[in-house]
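Visitor: Sending over a structure as structure tokens; questions will come in a sec.
The values are calculated or read from the model by the stated rules, or taken from the named source; none is laboratory data. Nothing here was measured: the structure is a model prediction, and the numbers come from that model. Here the Cβ is made from the backbone with ideal geometry for all residues, glycine too, and neighbour counts use every protein chain on show. Side chains are part of the model used for accessible areas, which takes the heavy atoms of the whole protein and leaves out ligands, DNA and RNA. Shrake-Rupley method; radii C 1.70, N 1.55, O 1.52, S 1.80 Å.
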2 protein chains.
Amino acid sequence: MTAREAMPNAYVPGQGNLSEGDAALVARRERALGPAYRLFYETPLHLVRGEGVWLYDAAGEAYLDTYNNVASVGHCHPRVVAAMAGQAATFASHTRYLHEAVLDYSERLLATVPAALSHMMFTCTGSEANDLALRIAREHTGGTGIIVTENAYHGVTLAVSGFSPSLGPGVPLGEHVRTVPAPDPALGARTGAVFAAGVQAAIDDLTRHGIRPAVLIVDTIFSSDGVIPDPAGFLAPAAEAIRAAGGLFIADEVQPGFGRTGAGMWGFARHGVVPDMVSLGKPMGNGYPVAGLILRPEVVARFGAKGRYFNTFGGNAVAATTAAAVLDVIEDEGLIENARLTGAYLAEGLRTLATRFPALGPIRGAGLFVGADIVDGDAPDAALTHRVVNALRQARVLISATGASANTLKIRPPLVFARDHADIFLDRFETVLKALS
Amino acid sequence: MTAREAMPNAYVPGQGNLSEGDAALVARRERALGPAYRLFYETPLHLVRGEGVWLYDAAGEAYLDTYNNVASVGHCHPRVVAAMAGQAATFASHTRYLHEAVLDYSERLLATVPAALSHMMFTCTGSEANDLALRIAREHTGGTGIIVTENAYHGVTLAVSGFSPSLGPGVPLGEHVRTVPAPDPALGARTGAVFAAGVQAAIDDLTRHGIRPAVLIVDTIFSSDGVIPDPAGFLAPAAEAIRAAGGLFIADEVQPGFGRTGAGMWGFARHGVVPDMVSLGKPMGNGYPVAGLILRPEVVARFGAKGRYFNTFGGNAVAATTAAAVLDVIEDEGLIENARLTGAYLAEGLRTLATRFPALGPIRGAGLFVGADIVDGDAPDAALTHRVVNALRQARVLISATGASANTLKIRPPLVFARDHADIFLDRFETVLKALS
């Protein structure tokens, strides 16, 4: 597998049907940004404007965005932009001075989690949040072993890329990292027990090698493993297993958090577990680089006694004010309820399509995070998935693929996605399925 | 040494003379943010507004900021805020779509470095930049050994905190990390040879342990080691030594970069070296979380062939546009020249004071980055330094301390610092010295 093959929907230079102007931009990227950057699509997109669930290219064509979860309350939401600009024009400095904004925000966010989780720490990215979680867990547990799912993605620092196997075989795993099979929803009620058995086997293997387990960390909707939300509750036995081994259970909420599942603010809540740490990122500032950790106080006691944590931009007044505006919009526009209702409507529409198109396999979803497998009989069909993603781009719908077999359509629009948008998506998707399958 | 003692100028809870309102904020911080956060000063400051080189507390009192280097073109600069808000209202998305902003900025910044450095990669923080530099260096060199100075600070990821000894003895160093004595400017023309000999000894020790050297990374103004700019050129022999051993030389420009030294844009240029990688951060977006790496293309070739790098917020259209506005202000307001002239004026004023106050020892500086030692005879005087920093806070001047002995005043104002501001600083500093020494 080449490095480009390891990423679903990566542009391959020299292919595609680019305008002269876009080809020039691609050439400038290669010269200036170098070989590690990737574009999406067979023919990359040149975007210039965003509003709500729509993105616009340089020619003014509108694309329905069913992919980008960062602009969670809608692209360029005016309330969020105004809050950010207002604070940036007033005071922007860091957490070594007293300021209300970071406290108001923290207290407000902590009110959305179980009472056992009572501290909050700020970073700029989800990668930094997961990296900090590991530093804290190593101090608390005295262990170094890390357990993740086989196609997990948790970020890009040296430590975190080492437990993000979805980055592909060219990116080394850490020596104390063990991977376990992702939960298999086909097992139904047995999903949790089987997943926990995999986690226990990894714990045993770490122990056999003299490595003390530190953490089990999972994206609570298993986005990169193919979107696995159900049966709700399946996480509890695995969390128990890691704790029984002296490790911590970390819920990575960078993708499912902030209301996306439609079942409250957090993906872990669907599973009836209270994590030891919860990592936050992407949608937290609707694009402003703000992220963080929510923690049980006992797990950070030793870390805080032995050292300090300062992140120059983390929790600055602009970050906190911007993130608070995102919470305002989620509440005032009823976006969690919308995720629940529109998500159910969208999944139902997809299930109806699946009855007519055999290439469309199982639909899994929670709120506005839906995975739809593309199959050839019982087998995953990555090639057809790739054609579907690119045909949808031609039909002006943005989407991507995920999963270890790269055959799961990842449908994850901004949370302001309404029924009308779902109808547009379903209509264009049907046209693409008719043409391709 | 306790964790709080490891940080110069850290607030110790229970001390100080807080208003009832500020005491309540401190209590809220402890409850919400937990034990790893630190405030500045014996009595923490509650700030609410910033403009140019001034910060204002809740009572409307103005503080002259001679410390904060993030707001490098001045707190809340209206041009930077307007550029950020304008782009955020238009299009804010990431580097997997084509967009001009990230290319325009990269090309412009790359024009400020030697031609051998022709690629640019984007992160959100300096920590992420140094962490990425290490990932790239490990791929390129096949080595894992890291050499830093004894009181270096490079960031807070697991890997980077492992080569940031200034975080204190409670934060573990990485097992392949070796520390070397910081350059000693008292050695004059021999500074470079002695520093390189220390680096060579670390290379030999790594090799003796079967560890292949990967990087020598230094802050090119050695901020946390006590601000060591001279004699210019002293870095060249150490850079040669690490390269001869198959490793890379990384210039951490998070603190000296973007014009602060007054001798061009970059601290490394004063030393006549061309690094293999250059890391960027703090002042790059005047407070917006944007950072990155500039690289020789050959060092990232293997990393890019084996894997990809994507940082969700890194290099997004708002980050690039905001950072471009910072470059506009640096150019249009002549801030590099101002750093050179005002910095020289400030250093000269300090040297004049030093002739009258024996407690004020050697003054070292380049542009608007000045270190001034506080001494008792020939010995560092950390206790008096602490009193000076806090007395200046009472006199409404913000400053901090640095260095392995915590006896170096770190004078590092926004680059819009003018002669008038230097006069205010020198006047208040003289009053403090009279009262305390």
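Visitor: Within region B:201-246, can you find the residues that are in contact (Cβ under 8 Å) with a residue 24 or more places away in the chain and farther than 19 Å from B:His271 by Cα?
Guide: B:Ala202, B:Ile203, B:Asp205, B:Leu206, B:Thr207, B:Ile211, B:Arg212, B:Pro213, B:Ala214, B:Ala245, B:Gly246
Visitor: Please pick out the residue among B:Leu327, B:Leu341 that is more than 14 Å from chain A (Cβ to nearest Cβ) and within 28 Å of A:Arg49 (Cβ to Cβ).
Guide: The unique qualifying residue is B:Leu327.
Visitor: May I pose another question? If you go through region A:153-195 one residue at a time, how many are farther than 25 Å from B:Thr144 by Cα and under 22 Å from the mean Cα position of the chain (by Cα)? Explain how you work it out, then say what you get.
Guide: Step one: filter region A:153-195 for residues farther than 25 Å from B:Thr144 by Cα, giving A:180-195.
With under 22 Å from the mean Cα position of the chain (by Cα) added as a condition, the list becomes A:180-185, A:191-192, A:195.
Number of matching residues: 9.
Visitor: Please verify whether B:Ala115 is out of contact with any strand residue (DSSP E or B) (no Cβ under 8 Å at 6 or more places or on another chain) and either more than 10 Å from every other protein chain (Cβ to nearest Cβ) or crowded, with 23+ Cβ neighbours inside 10 Å (or both), treating the condition exactly as stated.
Guide: Values: out of contact with any strand residue (DSSP E or B) (no Cβ under 8 Å at 6 or more places or on another chain): yes; either more than 10 Å from every other protein chain (Cβ to nearest Cβ) or crowded, with 23+ Cβ neighbours inside 10 Å (or both): yes.
Here the answer is yes, as B:Ala115 does meet what is asked.
Residue-by-condition table, conditions (1) touching a Lys or Arg at 6+ places or on another chain (Cβ under 9 Å); (2) over 30 Å from B:Thr125 (Cα atoms):
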{"site": "A:Ala319", "(1), (2)": "no, no"}
{"site": "A:Thr322", "(1), (2)": "no, no"}
{"site": "A:Arg340", "(1), (2)": "no, yes"}
{"site": "A:Leu346", "(1), (2)": "yes, yes"}
{"site": "A:Arg351", "(1), (2)": "no, yes"}
{"site": "A:Gly365", "(1), (2)": "no, yes"}
{"site": "A:Val375", "(1), (2)": "no, yes"}
{"site": "A:Pro380", "(1), (2)": "no, yes"}
{"site": "A:Gly403", "(1), (2)": "yes, no"}
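Visitor: Then there's this: Could you list, ordered by first residue, the pairs with Cβ atoms under 8 Å in which the first is in region B:332-348 and buried (at least 21 other Cβ atoms within 10 Å of the Cβ) and the second is part of a helix (DSSP H, G or I) and not β-branched (Val, Ile, Thr), at least 6 apart or interchain?
Guide: Partner pairs satisfying both residue conditions: B:Thr342/B:Arg419; B:Thr342/B:His421; B:Thr342/B:Ala422; B:Leu346/B:Ala422; B:Leu346/B:Phe425; B:Leu346/B:Leu426.
Visitor: Provide a single number: the residues in region B:43-73 that are buried (at least 24 other Cβ atoms within 10 Å of the Cβ) and more than 11 Å from chain A (Cβ to nearest Cβ).
Guide: So the answer is 4.
Visitor: OK, next. Against the definition (in the same structural domain as A:Pro275 (by TED's automatic domain parsing), closer than 14 Å to A:Ile250 by Cα and either aromatic (Phe, Trp, Tyr) or out of contact with any helix residue (DSSP H, G or I) (no Cβ under 7 Å at 6 or more places or on another chain) (or both)), how does A:Phe122 come out, yes or no? Show your work before the answer.
Guide: On the way: in the same structural domain as A:Pro275 (by TED's automatic domain parsing): yes; closer than 14 Å to A:Ile250 by Cα: no; either aromatic (Phe, Trp, Tyr) or out of contact with any helix residue (DSSP H, G or I) (no Cβ under 7 Å at 6 or more places or on another chain) (or both): yes.
No, not satisfied.
Visitor: Do we have A:Ala422 as in a helix (DSSP H, G or I) and closer than 19 Å to A:Asp230 by Cβ here?
Guide: Details: in a helix (DSSP H, G or I): yes; closer than 19 Å to A:Asp230 by Cβ: no.
For A:Ala422, the condition - in a helix (DSSP H, G or I) and closer than 19 Å to A:Asp230 by Cβ - is not met.
Visitor: Please determine whether any residue of region B:308-315 is facing chain A (nearest Cβ under 9 Å), farther than 21 Å from A:Asn69 by Cα and either at pLDDT below 95 or in contact with a Lys or Arg (Cβ under 6 Å, 6 or more places away or on another chain) (or both). Break it down stepwise before answering.
Guide: Narrowing region B:308-315 to residues facing chain A (nearest Cβ under 9 Å): B:308-315.
Applying the additional criterion that residues be farther than 21 Å from A:Asn69 by Cα yields none.
Within region B:308-315, none of the residues are facing chain A (nearest Cβ under 9 Å), farther than 21 Å from A:Asn69 by Cα and either at pLDDT below 95 or in contact with a Lys or Arg (Cβ under 6 Å, 6 or more places away or on another chain) (or both).
Visitor: Out of all the residues in region B:15-33, which are small (Gly, Ala, Ser), within 28 Å of B:Ser164 (Cβ to Cβ) and either open to solvent by 60 Å² or more (accessible area, probe 1.4 Å) or facing chain A (nearest Cβ under 10 Å) (or both)? Full working, then the answer.
Guide: In the first step, residues of region B:15-33 are kept if they are small (Gly, Ala, Ser); the result is B:16, B:19, B:21, B:23-24, B:27, B:32.
Next cut, within 28 Å of B:Ser164 (Cβ to Cβ) only: B:16, B:32.
Once the filter is applied, which keeps residues that are small (Gly, Ala, Ser), within 28 Å of B:Ser164 (Cβ to Cβ) and either open to solvent by 60 Å² or more (accessible area, probe 1.4 Å) or facing chain A (nearest Cβ under 10 Å) (or both), region B:15-33 yields only B:Ala32.
Visitor: In region B:143-157, how many are surrounded by fewer than 23 Cβ atoms within 10 Å (Cβ to Cβ) and within 12 Å of chain A (Cβ to nearest Cβ)?
Guide: Qualifying residue count, region B:143-157: 1.
Visitor: Residues that are of a type in the set (Gly, Ala, Ser), within 13 Å of the chain's Cα centre (by Cα) and assigned by TED's automatic domain parsing to the domain that holds A:Gly145: does region A:296-316 have at least one? Steps first, answer last, please.
Guide: Step one: of region A:296-316, the residues of a type in the set (Gly, Ala, Ser) are A:301, A:304-305, A:307, A:314-315.
Retained after the next criterion (residues that are within 13 Å of the chain's Cα centre (by Cα)): none.
Within region A:296-316, not a single residue is of a type in the set (Gly, Ala, Ser), within 13 Å of the chain's Cα centre (by Cα) and assigned by TED's automatic domain parsing to the domain that holds A:Gly145.
Visitor: Return the only residue of A:Glu107, A:Glu139, A:Glu128 being at pLDDT 95 or above and either part of a strand (DSSP E or B) or touching a Phe, Trp or Tyr at 6+ places or on another chain (Cβ under 6 Å) (or both). Reasoning before the result, please.
Guide: On the way: A:Glu107 fails: either part of a strand (DSSP E or B) or touching a Phe, Trp or Tyr at 6+ places or on another chain (Cβ under 6 Å) (or both); A:Glu128 fails: either part of a strand (DSSP E or B) or touching a Phe, Trp or Tyr at 6+ places or on another chain (Cβ under 6 Å) (or both).
Only one candidate qualifies: A:Glu139.
Visitor: Just to be sure, is A:Phe122 over 24 Å from A:Glu298 (Cα atoms) and either under 17 Å from the mean Cα position of the chain (by Cα) or buried (at least 24 other Cβ atoms within 10 Å of the Cβ) (or both)?
Guide: Working: over 24 Å from A:Glu298 (Cα atoms): no; either under 17 Å from the mean Cα position of the chain (by Cα) or buried (at least 24 other Cβ atoms within 10 Å of the Cβ) (or both): yes.
Spelling it out, it is not the case that A:Phe122 is over 24 Å from A:Glu298 (Cα atoms) and either under 17 Å from the mean Cα position of the chain (by Cα) or buried (at least 24 other Cβ atoms within 10 Å of the Cβ) (or both).
Visitor: Considering every residue within region A:34-42, establish whether at least one is free of Cβ contacts under 8 Å to residues at least 60 places away in the same chain, farther than 18 Å from B:Ala101 by Cα and facing another protein chain (nearest Cβ under 7 Å).
Guide: Within region A:34-42, the subset free of Cβ contacts under 8 Å to residues at least 60 places away in the same chain is A:34-39.
Cutting the leftovers down to farther than 18 Å from B:Ala101 by Cα gives us A:35-36.
Next cut, facing another protein chain (nearest Cβ under 7 Å) only: A:35-36.
Yes, region A:34-42 contains a residue that is free of Cβ contacts under 8 Å to residues at least 60 places away in the same chain, farther than 18 Å from B:Ala101 by Cα and facing another protein chain (nearest Cβ under 7 Å).
Visitor: Please give the number of the condition B:Ala305 fails out of (1) farther than 19 Å from B:Gly371 by Cα; (2) in a loop (DSSP other than H, G, I, E, B); (3) open to solvent by 30 Å² or more (accessible area, probe 1.4 Å); (4) of a type outside the set (Ser, Thr, Tyr).
Guide: (2)
Visitor: Mind checking which pairs have a first residue in region B:168-196 that is within 14 Å of chain A (Cβ to nearest Cβ) and at positive phi and a second that is buried (at least 21 other Cβ atoms within 10 Å of the Cβ) and among the aliphatic types (A, V, I, L, M), Cβ under 9 Å, 6 or more apart or different chains?
Guide: B:Gly168/B:Ala3; B:Gly168/B:Met7
Okay, residues lined up against (1) farther than 19 Å from A:Leu167 by Cβ; (2) surrounded by fewer than 20 Cβ atoms within 10 Å (Cβ to Cβ):
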{"residue": "A:Arg387", "(1), (2)": "yes, yes"}
{"residue": "A:Gln394", "(1), (2)": "yes, yes"}
{"residue": "A:Ala406", "(1), (2)": "no, no"}
{"residue": "A:Lys410", "(1), (2)": "no, no"}
{"residue": "A:Val416", "(1), (2)": "yes, no"}
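Visitor: Let me ask something else. Does B:Leu110 meet the test of being farther than 29 Å from B:Ala422 by Cα, surrounded by fewer than 22 Cβ atoms within 10 Å (Cβ to Cβ), facing another protein chain (nearest Cβ under 8 Å) and in contact with a His (Cβ under 9 Å, 6 or more places away or on another chain)? Full working, then the answer.
Guide: Numbers: farther than 29 Å from B:Ala422 by Cα: yes; surrounded by fewer than 22 Cβ atoms within 10 Å (Cβ to Cβ): yes; facing another protein chain (nearest Cβ under 8 Å): yes; in contact with a His (Cβ under 9 Å, 6 or more places away or on another chain): yes.
For B:Leu110, the condition - farther than 29 Å from B:Ala422 by Cα, surrounded by fewer than 22 Cβ atoms within 10 Å (Cβ to Cβ), facing another protein chain (nearest Cβ under 8 Å) and in contact with a His (Cβ under 9 Å, 6 or more places away or on another chain) - is met.
Visitor: In contact with a Cys (Cβ under 7 Å, 6 or more places away or on another chain) and either facing chain A (nearest Cβ under 8 Å) or surrounded by fewer than 21 Cβ atoms within 10 Å (Cβ to Cβ) (or both): does that describe B:Thr90? Steps first, answer last, please.
Guide: Values: in contact with a Cys (Cβ under 7 Å, 6 or more places away or on another chain): yes; either facing chain A (nearest Cβ under 8 Å) or surrounded by fewer than 21 Cβ atoms within 10 Å (Cβ to Cβ) (or both): yes.
Yes; evaluated as a whole, the condition is true for this residue.
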